[in-house]
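In what follows, a structure is listed as structure tokens, so that the remarks can point back to it.
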Amino acid sequence: MSKLSNDTRGTRTTAIHAGEGPDPVTGASAPNIVMSSTYVSEEAAGFSAHDLDASSPYLYSRWANPSVVSLQKKLAALEGTQACLCLASGMAAMSAIFMSLLSKGDHAIVSDVSYAGVGELVRDTLPRFGIEVSLVDMSNAYEVARAMRPNTKLIHCETPVNPILRLTDLQQICKIAKAGGAKVSCDSTFASPIGTRPAEFGVNYVMHSITKYIGGHGDAVGGAICGSTEDIAALNLEAGIHYGGVLSPFNAWLISRGVATLPLRMRAHEETALEVAGWLEDHPKVTRVIYPGLKSHPQHELAARQMDNFSGMISFQVGSEAQGEELANRMIKQLEIIHYAVSLGHHRSLIFWMATAGMMDSSFRLVGKQLESYRDYAGEGVFRLSIGLEDGVDLIRDLDAVLG
Ligand SMILES: *Cc1c(COP(=O)(O)O)cnc(C)c1O
């Protein structure tokens with residue numbers, strides 16, 4: 001076996017080898033899928049989930065499963081954290097964080113723009129459990145500091161934020177949280193661990209929809225939370241074992257296979273996104289392009305500091321809401337390569353129209369200065385384009401044909 005310590009291995013090596021190795025019984029080089037729900041026990045007495053630790057034998061697959069554990073080790077290695085917990089979806093990971101860390105009477109500060117499902121969960125569900133939520137523009141650290149209260153337990157941010165690609169300065173947010181004794185969670189789905197490793201800035205819970213870049217092939221739904229051994233063990237006990245939304249071993253196996261190529265895929269996503277974003281900026285029908293890798297992004301300097309890879313997500317505008325809708329309808333009929341579909345981070349390019357008015361009604365409900373900041377990035381609506389792994393020239397030809 002290799003004598004290289006895990007600390008000296010490169011990201012590409014880690015993505016392939018962390019959390020797995022040849023099967024000790026058969027010598028199989030590729031990992032098996034362990035579908036077993038239960039494990040033959042060598043101890044007569046049962047024990048409680050409270051007694052579990054990393055050295056405990058496998059007992060039941062809701063508690064721990066070898067295929068899921070292998071993926072968890074891989075993701076922790078890529079994020080540079082001690083541990084990781086995988087759950088059935090990104091939303092299962094998100095609700096695990098909120099429901100496990102917050103109790104009645106606690107206060108949370110959450111980004112006023114986020115993945116829509118998260119936005120709805122914090123606005124509609126958390127208050128029903130007696131949890132106070134302040135929705136804040138996280139690109140403005142002053143507003144975050146102002147929202148802190150003595151009972152603030154958690155700050156939840158997302159960077160870059162869906163769907164407008166506004167960034168959060170993680171170092172600043174962590175400083176504010178630390179001063180106030182709050183924990184920080186970050187939805188890092190758009191950045192991937194190749195772009196940003198939020199734990200390096202002090203984030204306690206790094207969350208991913210592994211349905212997206214980490215899986216990378218659009219064929220398995222899953223979620224992950226990376227953090228310290230102690231924090232993740234507590235989450236596993238409450239959210240994994242008690243709420244029960246665990247990841248299936250088959251999905252873990254598929255997603256692990258995707259992770260092996262994550263560093264290579266992210267490099268290609270970024271390269272093609274830069275090519276397409278630059279082309280879109282020069283197109284006469286396109287009124288605004290938002291991509292963290294472009295100098296025109298309002299926070300390009302922060303992006304360059306916080307992201308090692310600008311990822312493959314582009315938002316662009318074409319003018320009024322009516323013009324956007326008309327183009328979306330043309331895309332549905334005429335796009336030949338890019339799929340008109342939600343989701344992102346797959347090898348196939350995906351595009352979806354998100355009208356500002358509709359997003360406000362269904363998810364974000366912003367007014368005043370917060371609505372102004374949203375419009376500053378999104379205008380009347382954005383096309384959220386997830387650049388896949390196809391040839392840039394083919395994507396450009398596909399977009400050119402519908403833009404006219
Ligand atoms: C998709 C997504 C989620 C939700 O993840 P699921 O796997 O669909 O449950 C959360 N946050 C972001 C940023 C996402 O893109």
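Quick notes
- Looking across Glu200, Glu143, one residue alone is in contact with a Gly (Cβ under 8 Å, 6 or more places away or on another chain), surrounded by fewer than 24 Cβ atoms within 10 Å (Cβ to Cβ) and not assigned by TED's automatic domain parsing to the domain that holds Gln299. It is Glu200.
- Residue in segment 237-245 that is under 24 Å from Thr13 (Cβ atoms) and out of contact with any Phe, Trp or Tyr (no Cβ under 7 Å at 6 or more places or on another chain) present: no
- Contacts under 6 angstrom Cβ, first residue in segment 225-250 being aliphatic (A, V, I, L, M), partner surrounded by 21 or more Cβ atoms within 10 Å (Cβ to Cβ) and assigned to a loop (DSSP other than H, G, I, E, B), 6 or more apart: Leu247/Gly222
- Looking across segment 195-210, just one residue is under 21 Å from Gly258 (Cβ atoms), away from the ligand (no atom under 12 Å from the Cβ) and among the hydroxyl-bearing types (Ser, Thr, Tyr), and that is Thr196.
- Inspection of segment 162-171 identifies at least one residue that is modelled with pLDDT of 95 or more, more than 23 Å from Asp376 (Cα to Cα) and not hydrophobic (A, V, I, L, M, F, W, C).
- Residue in segment 367-379 that is farther than 28 Å from Pro198 by Cβ, touching a residue at least 60 places away in the same chain (Cβ under 8 Å) and more than 26 Å from the chain's Cα centre (by Cα) present: no
- Among residues of segment 81-120, those that are of a type in the set (A, V, I, L, M), out of contact with any Ser or Thr (no Cβ under 6 Å at 6 or more places or on another chain) and either more than 18 Å from Ser343 (Cβ to Cβ) or more than 12 Å from the ligand (Cβ to nearest atom) (or both), counted: 8
- First in segment 72-83 and in a loop (DSSP other than H, G, I, E, B), second anywhere and of a type in the set (A, V, I, L, M), Cβ under 6 Å, 6 or more apart: Gly80/Ala199; Thr81/Ala199
- Unmet requirement for Asp53, which otherwise passes all of (1) at pLDDT below 95; (2) of a type outside the set (S, T, N, Q); (3) within 16 Å of the chain's Cα centre (by Cα): (3)
- Residue match in segment 210-222 (condition: assigned by TED's automatic domain parsing to the domain that holds Cys86 and not in a loop (DSSP other than H, G, I, E, B)): no
- Residue within segment 209-217 that is in contact with a His (Cβ under 9 Å, 6 or more places away or on another chain), closer than 20 Å to Val118 by Cα and among the charged types (D, E, K, R) present: yes
- Hey, Arg257 touching a residue at least 24 places away in the same chain (Cβ under 8 Å) and not in a loop (DSSP other than H, G, I, E, B) or not: no
- Candidates Lys178, Lys153 - the one that is assigned to a strand (DSSP E or B) and more than 16 Å from the ligand (Cβ to nearest atom): Lys153
- Thr168 vs. criteria out of contact with any helix residue (DSSP H, G or I) (no Cβ under 6 Å at 6 or more places or on another chain), touching a residue at least 40 places away in the same chain (Cβ under 8 Å), within 16 Å of the ligand (Cβ to nearest atom) and outside any strand (DSSP E or B): yes
- Scanning segment 121-137 for residues that are within 16 Å of the ligand (Cβ to nearest atom) and of a type in the set (Val, Ile, Thr), we see that the one that is farthest from Ser343 (Cα to Cα) is Thr125.
- In segment 372-400, the residues that are acidic (Asp, Glu) and surrounded by fewer than 19 Cβ atoms within 10 Å (Cβ to Cβ): Glu372, Asp376, Glu380, Glu390, Asp391, Asp394, Asp400
Conditions (1) modelled with pLDDT of 95 or more; (2) over 25 Å from Leu389 (Cα atoms); (3) buried (at least 24 other Cβ atoms within 10 Å of the Cβ), marked per residue:
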{"residue": "Ile225", "(1), (2), (3)": "yes, yes, yes"}
{"residue": "Gly245", "(1), (2), (3)": "yes, yes, no"}
{"residue": "Thr261", "(1), (2), (3)": "yes, no, no"}
{"residue": "Val286", "(1), (2), (3)": "yes, no, no"}
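The values are calculated or read from the model by the stated rules, or taken from the named source; none is laboratory data. Note that the structure is predicted; figures quoted are calculated from it, not measured. Cβ sites come from the backbone with ideal geometry, for glycine too, and all protein chains shown count toward neighbours.
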